[in-house]
Amino acid sequence: MLVSIITVSFNAAATIRDTIESVLGQQRVALEYIVIDGGSTDDTTSIVSAYGSRISHFISEPDKGIYDAMNKGIQLASGDIIGILNADDVYATDNVLSQIVDRFGSGADAVYADLEYVDQQNTAKIKRTWISGTYTEGAFLRGWMPPHPTFFVRSSVYQQYGGYTLALKSAADYEFMLRVIHKHKIALAYLNTVTTKMRAGGISNASIRNRLNANREDRLAWTMNGLKPGWLTLIKKPLSKLGQFLGH
């Protein structure tokens with residue numbers, strides 16, 4: 001089973017080498033690695049180019065944002081399974097992808113796992129942990145979502161239901177997962193382990209203003225799909241992350 005990993009980047013010279021090494025270091029897996037860069041003006045492109053043919057596809061050109069870049073990568077992907085790892089994230093171990101492939105053996109359309117938020121400079125320093133838990137019907141109405149960097153999807157799901165909308169700037173990943181899991185009810189499997197380390201930050205959480213905008217986009221994600229969230233759904237979504245701060 002071929003796994004396609006897509007990394008999207010823009011001026012990520014400080015972190016992308018860590019990301020690439022964590023992907024290319026994966027063991028016991030058939031791998032296709034795709035890097036989509038938004039036209040970086042720092043050393044990102046020279047760092048990526050140095051890996052030569054170990055990176056299956058590398059494009060650097062202006063795009064319409066992170067989700068446009070993801071869609072470009074999906075179009076290029078030839079794998080049975082597609083995962084997305086951004087240019088400041090890393091896989092937790094060198095057997096993450098082999099574990100993901102094994103979990104797909106249950107007949108799942110998508111597999112998700114747990115995530116650690118780590119220090120910007122020291123990825124061994126854990127800030128908080130996102131324990132996803134097993135999905136149950138209606139969980140999105142209770143504010144649940146899986147961490148997108150741990151979300152691996154069969155290519156057939158993208159072919160059937162489409163990719164990431166460009167109408168949303170920070171919540172297109174949420175909209176995609178809402179669409180395929182809650183609306184179309186694809187078969188989902190949970191891998192109960194940390195697969196991904198994300199440097200603390202994120203475009204939807206950087207400020208109160210961004211959080212309010214993210215809440216607006218979350219609501220749009222529902223209405224775009226002809227769905228109606230519960231009156232507490234969009235309040236529970238950010239509140240559901242409070243448990244991540246306990247113990248760190």
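The values are calculated or read from the model by the stated rules, or taken from the named source; none is laboratory data. Remember, it's a predicted structure, so these values are computed and weren't measured experimentally. No Cβ is skipped: glycine too gets one built from the backbone with ideal geometry, and neighbour counts run over all protein chains shown.
Tabulated values for the structure
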item: Residue match in the range 21-32 (condition: outside any loop (DSSP other than H, G, I, E, B) and at positive phi); result: no
item: Residue tally, condition over 15 Å from the mean Cα position of the chain (by Cα), in a loop (DSSP other than H, G, I, E, B), surrounded by fewer than 21 Cβ atoms within 10 Å (Cβ to Cβ) and touching a residue at least 40 places away in the same chain (Cβ under 8 Å), over the range 160-183; result: 2
item: One residue from Val90, Val111 being modelled with pLDDT of 95 or more, in a strand (DSSP E or B) and out of contact with any Phe, Trp or Tyr (no Cβ under 9 Å at 6 or more places or on another chain); result: Val90
item: Residue pairs meeting the criteria (Cβ under 7 Å; at least 6 apart or on separate chains; first over 12 Å from Lys185 (Cβ atoms) and modelled with pLDDT of 95 or more, in the range 133-144; second of a type in the set (Phe, Trp, Tyr) and not in a loop (DSSP other than H, G, I, E, B)); result: Thr134/Tyr190
item: Flag if Leu76 is touching a Pro at 6+ places or on another chain (Cβ under 9 Å) and at negative phi; result: no
item: Only one of Val8, Val48 that is of a type outside the set (S, T, N, Q), in a strand (DSSP E or B), more than 20 Å from Ala110 (Cα to Cα) and at pLDDT 95 or above; result: Val8
item: Residue, farthest from Asp80 (Cα to Cα), within the range 26-64, restricted to residues that are over 19 Å from the mean Cα position of the chain (by Cα) and touching a residue at least 60 places away in the same chain (Cβ under 8 Å); result: Gln27
item: Output for the range 69-87, where each listed residue is assigned to a helix (DSSP H, G or I) and either under 14 Å from the mean Cα position of the chain (by Cα) or among the aromatic types (Phe, Trp, Tyr) (or both); result: Ala69, Met70, Asn71, Gly73, Ile74
item: Candidates Ile82, Ile100, filtered to the one that is touching a Leu at 6+ places or on another chain (Cβ under 9 Å) and at negative phi; result: Ile100
